[in-house]
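Here's the structure we're looking at; comments come further down.
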Amino acid sequence: MLVLGIETSCDETGVALFDGREGLRAHVVHSQAELHAVYGGVVPELASRDHARRLAPLVEALLAEAGVGIGALDGIAYTAGPGLVGALLVGAAYARGLALARGLPALGVHHMEGHLLAPQLEADPPRPPFLALLVSGGHTLLVDVRGLGRYRVLGESLDDAVGEAFDKTASLLGLPYPGGPALARLAEEGDPERFRFPRPMTDRPGLAFSFSGLKTFALNTLAREPDDHATRAAVARAFEEAVAETMVIKCRRALRQSGLRTLVVAGGVGANHRLRGALAELGRAEGVAVRYPRPEFCTDNGAMIACVGARRLVGGERAPAGLGVRARWSLETLEPPPGA
Ligand code: KG4
Ligand code: ZN
């Protein structure tokens with residue numbers, strides 16, 4: 001089954017072709033980062049307009065790259081949430097319109113299920129059960145994954161998502177949006193001994209996260225110290241160390257509690273080198289395999305949506321009529337497809 005996947009939940013327009021037998025055939029992403037950079041964050045109305053402008057030409061480019069005619073499609077999957085409603089509606093309306101015109105099934109996919117299963121795009125995919133750490137601009141989740149549509153959320157952030165904390169702290173450091181990668185680069189130059197940031201919520205049991213305090217800690221440190229490059233770099237370094245160690249502590253707890261032997265890390269912050277290094281060390285110490293999608297599939301993309309869509313469509317799932325996009329949508333409400 002050849003499925004077109006469409007991702008428009010935030011500031012990336014992503015499209016991909018996934019074949020149930022052959023796997024990923026092609027994928028293309030257009031990032032709107034430059035469009036939003038001057039505003040220091042994603043402007044929802046601009047995001048929707050840009051998706052509307054880009055989506056159809058991007059699908060044409062994708063089909064041309066794969067050497068596939070539109071008549072070869074067997075189904076269409078689009079991100080139905082969670083995300084920016086206006087942005088989601090662009091992808092949903094396009095997908096549903098195209099599906100109707102071509103007589104194809106269309107299915108709305110959960111964005112975080114896409115991130116969860118992004119490592120399945122690789123040649124030797126991790127098999128459930130596994131523990132997933134989802135770390136993106138909108139979410140910080142620890143999930144017990146037993147199979148497609150079988151998810152239990154073990155812990156999540158009570159306030160800012162970890163990517164959001166990266167972006168807000170980066171903004172305090174005068175770095176451009178999106179701040180995560182820029183903060184990581186600055187941290188490389190920072191003195192690791194100069195500041196120590198707290199490891200939020202690690203001194204009590206449980207798997208919940210809280211990151212908004214780190215941003216405040218950065219703000220107070222910057223106000224107290226000389227306003228120079230060395231200070232900013234040391235703050236970036238201390239922030240990153242605090243995030244990485246907090247993640248390690250919570251993942252260790254979740255692995256020991258659940259007895260799971262594989263840790264899958266996905267979402268944009270999964271591209272962070274310091275976090276990766278710290279989790280690799282945890283994996284060695286605990287005898288646990290740590291798996292990632294390739295870097296281009298850590299951040300938002302259409303391939304993960306096409307992949308989930310193909311597996312659910314093959315499993316016999318069909319969407320009810322209507323666009324049905326959702327700003328908020330719990331992973332735990334998902335179910336396996338009927339044929340699973
Ligand atoms: O998964 P994603 O592309 O989009 C969402 O669904 O949110 O994640 C984007 C987030 C942003 O907050 C960005 O700053 C962060 O991932 N990010 C990073 C790195 N690359 C992207 N944060 C830290 N280090 C990185 N290398
Ligand atoms: Zn995402």
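The values are calculated or read from the model by the stated rules, or taken from the named source; none is laboratory data. Please read all numbers here as calculations on a predicted model, not as lab measurements. Cβ atoms come from the backbone with ideal geometry, glycine included; neighbour counts cover every protein chain shown.
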When you scan the range 180-200, do you find a residue that is part of a helix (DSSP H, G or I), closer than 26 Å to Ile305 by Cα and of a type outside the set (A, V, I, L, M, F, W, C), even just one?
yes
Test Thr262 against the stated conditions and say whether it is in contact (Cβ under 8 Å) with a residue 60 or more places away in the chain, farther than 16 Å from Ala182 by Cβ, more than 16 Å from ligand 2 (Cβ to nearest atom) and of a type outside the set (A, V, I, L, M, F, W, C).
yes
Can you tell me which residue within the range 9-28, out of those that are away from ligand 2 (no atom under 16 Å from the Cβ) and touching a residue at least 60 places away in the same chain (Cβ under 8 Å), is surrounded by the most Cβ atoms within 10 Å (Cβ to Cβ)?
Phe18
Return yes when Arg291 is touching a Ser or Thr at 6+ places or on another chain (Cβ under 7 Å) and either of a type in the set (A, V, I, L, M) or surrounded by 16 or more Cβ atoms within 10 Å (Cβ to Cβ) (or both) and no when it is not.
yes
Pull out all pairs, ordered by first then second residue, where Cβ-Cβ is under 7 Å, the residues are six or more apart or on different chains, the first lies in the range 93-110 and is over 13 Å from Ile70 (Cβ atoms), and the second is aromatic (Phe, Trp, Tyr) and assigned to a helix (DSSP H, G or I).
none
Criterion: touching a strand residue (DSSP E or B) at 6+ places or on another chain (Cβ under 6 Å), closer than 19 Å to Val135 by Cβ and either at pLDDT 95 or above or in a loop (DSSP other than H, G, I, E, B) (or both) - qualifying residue of Tyr151, Tyr177:
Tyr151
Candidate set: the range 173-213, residues that are more than 16 Å from ligand 2 (Cβ to nearest atom) and touching a residue at least 60 places away in the same chain (Cβ under 8 Å); chosen: the one surrounded by the fewest Cβ atoms within 10 Å (Cβ to Cβ)
Pro176
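From Val145, Val85, grab the single residue that is of a type in the set (Val, Ile, Thr), in contact with a helix residue (DSSP H, G or I) (Cβ under 9 Å, 6 or more places away or on another chain) and surrounded by fewer than 20 Cβ atoms within 10 Å (Cβ to Cβ).
Details: Val145 fails: surrounded by fewer than 20 Cβ atoms within 10 Å (Cβ to Cβ).
Going through Val145, Val85 in turn, just one is of a type in the set (Val, Ile, Thr), in contact with a helix residue (DSSP H, G or I) (Cβ under 9 Å, 6 or more places away or on another chain) and surrounded by fewer than 20 Cβ atoms within 10 Å (Cβ to Cβ): Val85.
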Selection from the range 12-34 of residues at pLDDT below 95 and within 25 Å of Gly180 (Cα to Cα) yields Ala33, Glu34
Members of the range 106-132 that are surrounded by 22 or more Cβ atoms within 10 Å (Cβ to Cβ), more than 20 Å from Glu317 (Cα to Cα) and touching a helix residue (DSSP H, G or I) at 6+ places or on another chain (Cβ under 6 Å):
Leu131, Ala132
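Quick one: in the range 115-124, which of the residues that are closer than 12 Å to Leu24 by Cβ and not in a helix (DSSP H, G or I) is nearest to the chain's Cα centre (by Cα)? If you could, list the steps in order and put the result at the bottom.
First, pick out the residues of the range 115-124 that are closer than 12 Å to Leu24 by Cβ: 118, 120-123.
Adding the requirement that they be not in a helix (DSSP H, G or I) leaves 122-123.
Numbers: Glu122: 16, Ala123: 20 Å.
Among those that are closer than 12 Å to Leu24 by Cβ and not in a helix (DSSP H, G or I), it is Glu122.
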Out of the residues in the range 296-327 meeting the condition of being of a type in the set (Val, Ile, Thr) and buried (at least 24 other Cβ atoms within 10 Å of the Cβ), tell me which one is farthest from Leu100 (Cα to Cα).
Thr299
In the range 246-266, anything within 15 Å of ligand 1 (Cβ to nearest atom) and closer than 29 Å to Asp191 by Cβ is listed as Thr246, Met247, Val265
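Looking at the structure I just gave you, is Ile70 within 22 Å of the chain's Cα centre (by Cα) and closer than 17 Å to Leu100 by Cα? Talk me through it step by step, then tell me what you get.
Values: within 22 Å of the chain's Cα centre (by Cα): no; closer than 17 Å to Leu100 by Cα: yes.
So Ile70 fails the test.
Of all residues being of a type in the set (Ser, Thr, Tyr) and part of a helix (DSSP H, G or I) in the range 230-282, which is surrounded by the fewest Cβ atoms within 10 Å (Cβ to Cβ)? Just the residue, please. Give the derivation first.
Restricting attention to the range 230-282, the residues satisfying the condition of being of a type in the set (Ser, Thr, Tyr) are 231, 246, 258, 262.
Checking the rest, the ones that are also part of a helix (DSSP H, G or I) come to 231, 246, 258.
Working: Thr231: 19, Thr246: 24, Ser258: 16.
Residue satisfying both the conditions and the ranking: Ser258.
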Under 26 Å from Pro338 (Cβ atoms) and within 13 Å of ligand 2 (Cβ to nearest atom), is that true of Gly114?
yes
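For residues that are hydrophobic (A, V, I, L, M, F, W, C) and assigned to a loop (DSSP other than H, G, I, E, B), scanning just the range 285-304, find the one that is nearest to Gly83 (Cα to Cα). Let's see the steps before the verdict.
Of the range 285-304, the ones hydrophobic (A, V, I, L, M, F, W, C) are 285, 288-290, 297-298, 303-304.
Now narrow it down to the ones that are assigned to a loop (DSSP other than H, G, I, E, B): 288, 298.
On the way: Val288: 32, Cys298: 17 Å.
Residue satisfying both the conditions and the ranking: Cys298.
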Got a number for residues in the range 135-184 being in contact with a Ser or Thr (Cβ under 8 Å, 6 or more places away or on another chain) and of a type in the set (Asp, Glu)?
4
